[in-house]
Amino acid sequence: MSAREVVITGIGLTSPLGKNTGENWDSVRDMKTGIVHEPKDGLPDYLQYFGKVPEYLLPEDIAPKQIGQMKFLNRSAVFGFCAASEAVSHVRGIIQDTEPGRRALYVAAGDFTKIGCDAIYPALKDSTGNKWESIDYAKLNASALNKVNPFFLLESLNNNLFSFLSAYVEFMGPGTSLASLSPYGGNALELAYRTIRQDKADVALAVGYGSWINDIVLYELEGLGILSRCKHGSGSFRPFDVNRDGFITGEGGAAIFLESYENAKRRGANILGRIKGVSNAIEFAPGHKFSVPEKVCKRSVLSVLEDASCSVSDLAFIIPHGSGTQKGDRSELNSLMDIFNEQKADAPVCGLKPYTGHIGAASDIAEIIFGIKAVKEKTVPATLNFHAAEKRFSDLKISASTRQCDKDSFLSISYGVGGQSSTVIVEVF
């Protein structure tokens, strides 16, 4: 493997907090959440809280032939596109000077925008006479021609953004589209990093996007028992707090642009950070049950520390996944406590999902962006809504408010149901 260093020179973020990175970071700095209450008939009150993107900013330079292709992008794919566009907006020169075959693209979609039958509901209603006992298929066909968007199936394909972005920025090198849940944003970043590291590309773009506010998704997650009951309204998402009871969903897109250090240095780029190490690991729950294992991210964290040739004492802070579930947060904190005890050192811990809501693959990348911004300002972000930890974790430095830091590197963790965890260490310049 080549020893090429990989640096970050572009970032982009569209979330419930704002339509670009600056607006998002201002909200985090001010400890504001993008989670809102939106009443909706038929949904229990606690499912009416989520992070919804209020507005987004499309780029102005979309070619006419590509504007027509945007009709295939569903709502959350558009957020991913906006974030990707922001990430590459300041590096157009290096992209144009790089052969298309040396440009890599990895897109992670944790998207459920088009799940369900709401698109064909009007036609179904007509074909049943609003009685639902039986369907008149002739009426269904006739109504569908007039009342159903002909592109609704295409809009549900998770590789649409990958295809569109490939054309928009002419990334024709290594790449793929990943479709799953956390930690696939982290996986996309790892693939982008390794592609440059191994000299298979000179630049790479990692994008994560998703929308988890669809009614069906909310009911499915509620059935798994991992959503908050929102007893404290929009302040109910409480990672690591003793009174946590689950997470609140959201939507958005996040992107990070990477290039080799030699390229960035040669062109005098504004280098935001360097990826010091990445890791990916699987931990199985007892009996291989589909659950969170006892120490979900321990192996992954130890591996990334080794890969980055650093220790816990070198970190400004750690951003765990922080789902706000009893079992999940306990598993992460157990993992960190073991490592802290083994290394006889610790670091501040902050959970960032309460700012935006859990936005799947986009959360993985968004939290790295927040980490870069925080270290740049020598601060540890506050964990919104955190008051007190369980007694066994009371000695951990979980940030209830913003605090100062004097280190230049941070560690970000993402894990998913089933025990896969992804970790990255970034050094901020």
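Since every read-out is calculated from the coordinates, none of them should be taken as a lab result. Just so we're clear, the structure is a prediction, and the values are computed from it rather than from any experiment. Reconstructed Cβ throughout: ideal geometry from the backbone, glycine too, with neighbour counts over all protein chains shown.
Okay, here's what the table says:
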{"quantity": "Proxy reagent accessibility, fewest Cβ within 10 Å first, across 329, 126, 118", "calculated": "118, 126, 329"}
{"quantity": "Nonlocal amide H pairs with residue 36, under 5 Å, H built at 1.01 Å", "calculated": "50, 51, 52"}
{"quantity": "Entries in 231/353; 52/407; 52/147; 344/397 that, when Cα-Cα distance is taken, lie over 22 Å", "calculated": "52/407; 52/147"}
{"quantity": "Global form of segment 214-263, assessed from the alpha-carbon gyration tensor, a/c cut-off 1.5", "calculated": "prolate"}
{"quantity": "Per-peptide average of other Cβ atoms within 10 Å, ordering 153-165, 204-216, 131-143 highest first", "calculated": "204-216, 153-165, 131-143"}
{"quantity": "Helical mean residue ellipticity (222 nm; -39500 (n - 2.57) per DSSP H run of 4+; nearest 500) of the chain", "calculated": "-9500 deg cm²/dmol"}
{"quantity": "HN-Hα J in Hz across segment 192-199 - Karplus 6.51, -1.76, 1.60, θ = phi - 60°, x for Gly and Pro", "calculated": "4, 4, 5, 4, 6, 4, 8, 6"}
{"quantity": "Kirkwood-Stokes translational diffusion coefficient of the chain, alpha-carbon pairs, 10 °C, 1.306 mPa s, µm²/s", "calculated": "72 µm²/s"}
{"quantity": "Kirkwood-based shape ratio for segment 1-66, expressed as Rg/Rh from alpha carbons", "calculated": "1.18"}
{"quantity": "For segment 110-248, projected area of the alpha-carbon convex hull averaged over all directions, nm²", "calculated": "13.0 nm²"}
{"quantity": "Distance between segment 1-73 and segment 377-429 - C-alpha centres, whole angstrom", "calculated": "22 Å"}
{"quantity": "Burial ordering of 314, 395, 364, 307, fewest other beta-carbon atoms within 10 Å first", "calculated": "395, 307, 314, 364"}
{"quantity": "Fewest-first sequence of 429, 317, 247 by Cβ atoms within 10 Å of each Cβ", "calculated": "429, 317, 247"}
